[in-house]
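Student: This structure is in structure tokens; I'll ask about it shortly.
The values are calculated or read from the model by the stated rules, or taken from the named source; none is laboratory data. The model shown is predicted, which means the values in this text are computed figures rather than measured ones. FYI the Cβ positions are ideal-geometry reconstructions off the backbone, even for glycines, and counts take in every protein chain you see.
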């Protein structure tokens, strides 16, 4: 049986509001100065990995991709960049989430 929290989470996602907020966060992040820093760090990690193993270039693209993604995943760069995103800490954004959730709850009580 679904808990009240799980049911409300389902309603929130089904309303489309979750996707709208997710897209807003992504757009905000892509327009920020943090994206250049993140891309630079990813490039550095990939270059270092390729330089440390010249034989890697003799592998298939899929193998190189897997190896580089594994190397990048070892570093918490994405998590750090997301955690430092200013939009998540802005009062207006959190108020938008609260009002959206409240509207969905109100609609479902009627």
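Student: Do we find that residue 25 is at pLDDT below 80, within 21 Å of residue 101 (Cα to Cα) and out of contact with any strand residue (DSSP E or B) (no Cβ under 8 Å at 6 or more places or on another chain) in this structure? Write out each step before concluding.
Tutor: Numbers: at pLDDT below 80: no; within 21 Å of residue 101 (Cα to Cα): yes; out of contact with any strand residue (DSSP E or B) (no Cβ under 8 Å at 6 or more places or on another chain): yes.
When the stated conditions are applied, residue 25 does not pass them.
Student: Every residue in segment 70-105 that is within 19 Å of the chain's Cα centre (by Cα), assigned to a helix (DSSP H, G or I) and surrounded by fewer than 12 Cβ atoms within 10 Å (Cβ to Cβ), please.
Tutor: Of everything in segment 70-105, those that are within 19 Å of the chain's Cα centre (by Cα), assigned to a helix (DSSP H, G or I) and surrounded by fewer than 12 Cβ atoms within 10 Å (Cβ to Cβ) turn out to be 70, 73, 79, 83, 86, 89.
Student: While we're on this one: Taking the stated definitions as given, is residue 8 loosely packed, with under 10 Cβ neighbours inside 10 Å and more than 16 Å from the chain's Cα centre (by Cα)?
Tutor: Numbers: loosely packed, with under 10 Cβ neighbours inside 10 Å: no; more than 16 Å from the chain's Cα centre (by Cα): yes.
No; evaluated as a whole, the condition is false for this residue.
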